[in-house]
Structures are given as C-alpha cells and as structure tokens.
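Heads up, the thing below is written out as structure tokens.
FYI, it's all coordinate maths here, none of it is from the lab. This one's a predicted model, so the numbers in the text were calculated from it and none came from an experiment. Cβ placement follows ideal geometry from the backbone for every residue including glycine, while neighbour counts extend to all protein chains displayed.
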Amino acid sequence: MITAVKGTQDLFAPEILRWQKLETAARNLFERYGFGEIRTPLLEHTELFVRGIGDETDIVTKEMYTFPDRKGRSLTLRPENTAGVMRALVEHRLCDSSAHSRLYYIGPQFRYERPQKGRYRQFHQIGAEVIGDASPGSDAETIALAADLLSASDILGPVVQLNSVGCPKCRPSYVGLLRGALLERRAELCGDCQRRLEANPLRVLDCKVPSCQPILDEAPRLDEGLCEECHAHHEKVKELLGLLGVSFQLKPRLVRGLDYYVRTVFEITSSALGAQDALLGGGRYDGLLKQIGGPDAPGFGWALGVERLLMAMPPVPEERLGRTYIAWSGEGTYARALSLARDLRARGLAVIMEHSERSFKSSLKRADRLNVRWALLLGEDELKAEKFTLKDLQTGEQEALPAGELAARILNGGAS
Ligand code: AMP
C-alpha cells in the first residue's frame, strides 16, 4: 500500500468542516481590518530563504525540503510564507503600493522536523503582513488582530507573550555581553547551546533544555540592553496594547527562531496545548525587504499554525449538515425529484438525490448516514396531492408542504 508521506495528513469530513469554518472566520476578520489576500508559490529558489530567514537558523540549517530540479537549480518547498510575500512585492514593484500594504495568506508550509503531536512536515499557516509602517501602533494593531482571531475561535487559555529584540544598533553590544556571560558557563550548557553560542548567541535564550534554564535566567536581559529608540518603541507598544484591551505578558527571553526580527517579537501560546504550546508567532522585520533586494521599508507580521489552533479549540457539538436529501419512489417520481432538486439548488439550497430507485426506508437510512438535516419524501401519493413530506432529521418533526413553500421552510430552519 502506498501511504501518505510521513508528517503529512489527509483531511476529511467532519474534521475538514472545522478547517473551513476557521478559514472563513479568518477571512472575515482580515476583511474587517482592511487586509487583502496574497497567494505565492509553494516552491521558491532556495536562496530566498537563506537570505530572508538567515543561514544560521534551525529552519535553514536543518529543516528545509531542498532539492535540485531537473536543470540543477536548487529549489525549496516554502518553510514559511513571509519571505515569499516579500519576494513577490519586490518582484512586482508593489512595496510602496498602499493597496498591497496589508496582506494575509492561508496555505501549507513544509519543514523537515521530527513529527509529533502538533508538529508536522506539511502544516498550514494563516498569516498577516503589514508593509511600510514603522510605528508602534502598527505592531499593536496587528497583534490585536491576532488576538481577535483567537478569541473568535474560542480557544482555551490564550496568552500573548511580548518582547523586544532590539535593532542592529543596540543588539550587537547586548549579544557581546550575553556571549561573554555565557562563555563563562559554557561547559554547563547543552550541546546545541554551545554550538549556538558561536553562531547565533541570541538563540541560546530560546533553549528549552531544563538544565540550561537556571543559567539563562541569570544571563543579561534583552530588555535591559535596548537603545533609547527601541526602548521607547517597546513602551509605546505596551501602552497601545493596553488601550486596545489586549492583555499580554512580558517574556524577556523570547527571541523567536528567525533572524529577520527587530524590536517587537511576540507569541501567543495556549494552556490547552502540551509541549508545542505556541499557536502563533511574529514580530517586526524592518530589514527584510532590503535583505532580499527591495527598498528599505519596514514590516510587521505573524503566522498562526492552523493544526495547533484546531487542537486548542474546544470541541464543537456535532451538527447535521444543512442539506436536503430527496427520497423518491414510485411511478413518475424520479422526473419530479430531478426538477425539484434543480429548483431548490437554484434557490441556494444544498440538495442530494440518488439516480436509482430505493425504498423510503433505505433512503432515510442513507440520509441519516449522510448526516443531512432534511429528508424530502416524494412518493406517488405526494405527486398526486402536489404536497411533499419534509422531515427534519434533527427533531423528527415532519409536515406536508406544496413545492413552492419548501425552500422557505428549509431556509427558515424548520417548522413555524
Ligand atoms: P514559526 O514560523 O516557526 O514562527 O511558526 C508559526 C506557527 O506555525 C507556530 O506557532 C506553530 O503554530 C506553527 N508551526 C510551526 N512549525 C510547525 C510544524 N512543524 N507543525 C505544525 N505547526 C507548526
């Protein structure tokens, strides 16, 4: 048997209905914040991620699906979507276009990670990008949008965690301080941290290994090494989040896994998740557009993990689908069922019918299995009387109605 690739998933009903609901809620919310959709290719040149994400990041060093195409060019299945969005804006000269300054995407991403609960090799993200606005208000508003999406999803125990990673002006001196402090205790750090200490010391702060925690707790704090501008920016973001009613926790060791962040970084975690508790993460990436060959324009964005959000959402009571199943049996009923189905569909209803005759008993059993809400019974008697029996499979109630009243009754949701 050929199986799905490890770390990827097939999606079916009823689970897929939760995905569709979430995607619709997200689209509606983005619309309310004035965001437009962007779709970029799943495949990009490898160089984009090396330059955009950073060649020392975990994603680039060990998690990318990279392969040569038939002409030997190195391509990569996108591990995240921000770099692709920026590439598209630069390529189509849209970096200064106000019509493209607030974008959202929904789609699959690929990372070669060890699959476990909440961690897949193909996973899906919903993300937001705001281009061209360097103000702290842009950070706060975009974080509020993320918080709104989570509250619209009724997720359990969401917490916004906030930090500032400074800027190219103040970060180097902090990193020097950090490296110096950690070098003194190098031998006590885990192997990964020892390696990161050389290549990317900031990432050491992010380590989850228990034995590293006391050392990191005592290390110099990022928020104490900020320059005046970064400090003021951070204070303003906090103030505006308060104004917008978004509660948050300060997390001075939050650095996030990508190199492109400056100033604000944030994550939203959920107490409903286990070890992989991050639902969403993002921050300010002012140098990114320039890094990939565009203008020096600021940006802010976040990405939400769809699988994780769905895991953190409370279970919804199973509902029947608002569809109608036409059960027909007897002389002349097939032709009538066909035209009735067409009429009802034209009025916006979802209708299912079979094309071979079966008993009403077997039809009703099938309607039940299809999990539809309505069964419409059409036998010779109904045909003669021009009244059809509409059965609500949720309540068990039924009534006889002329064809012209069926659609309105179904759309109203049941007996009046
Ligand atoms: P990142 O781009 O790493 O900041 O990830 C943003 C969000 O995507 C995370 O908070 C997760 O919810 C989700 N995510 C990242 N990697 C994976 C993965 N391998 N499997 C499932 N979800 C993921």
(message) Can you tell me which lysines have their Cα less than 29 Å from the Cα of LYS365? Leave out same-chain residues fewer than eight positions away.
(response) LYS21, LYS384, LYS387, LYS391
(message) Given bins 5 angstrom wide, list per bin the percent of all Cα-Cα distances in the stretch 297-358, short to long.
(response) 3, 13, 15, 11, 9, 8, 8, 9, 9, 6, 4, 2, 1, 1, 0
(message) Taking only complete DSSP H runs, can you tell me which helices of the chain stretch 18 Å or more along their own long axis by Cα positions and average at least -1.0 on the Kyte-Doolittle scale?
(response) 15-32, 136-152, 228-243, 333-346
(message) Between ILE352, ILE126, ILE106, where does the largest GNM mean-square fluctuation fall for the chain, given springs only between Cα atoms within less than 10 Å?
(response) ILE352
(request) For the stretch 372-416 and the stretch 345-371, write down the distance between their C-alpha centroids in whole Å. (result) 13
(request) Would you mind getting me the FRET efficiency between ALA4 and GLU405? Use the beta-carbon distance for r and R0 = 45 Å, nearest 0.05. (result) 0.45
(request) Among GLY127, TYR33, THR76, pick out the residue whose Cα is farthest towards the positive end of the charge dipole of the stretch 22-136, where Lys and Arg carry +1 and Asp and Glu carry -1 on C-beta, about the Cα centre. (result) THR76
(request) At a Cα cut-off below 21 Å, give the lysines reachable from LYS208, other chains included and same-chain residues fewer than 8 away excluded. (result) LYS62, LYS117, LYS251
(request) Indicate, rounded to the nearest 5 percent, the antiparallel portion of the DSSP beta bridges found entirely in the chain. (result) 80
(request) Count the DSSP beta bridges whose two residues both fall in the stretch 321-412, then state the antiparallel fraction as a percent rounded to the nearest 5. (result) 45
(message) Suppose only helical runs count, i.e. DSSP H with n ≥ 4. What mean residue ellipticity at 222 nm does that imply for the chain under -39500 (n - 2.57) per run, divided by all residues and rounded to the nearest 500 deg cm²/dmol?
(response) -10500 deg cm²/dmol
(request) Pull out a ≥ b ≥ c, the square roots of the eigenvalues of the alpha-carbon gyration tensor of the stretch 1-128, then state rounded if a/c is under 1.5, prolate if not and a/b is larger than b/c, and oblate in the remaining case. (result) oblate
(message) Using square roots of five times the C-alpha gyration tensor eigenvalues, list the equivalent-ellipsoid semi-axes of the chain in whole Å, biggest first.
(response) 53, 22, 21
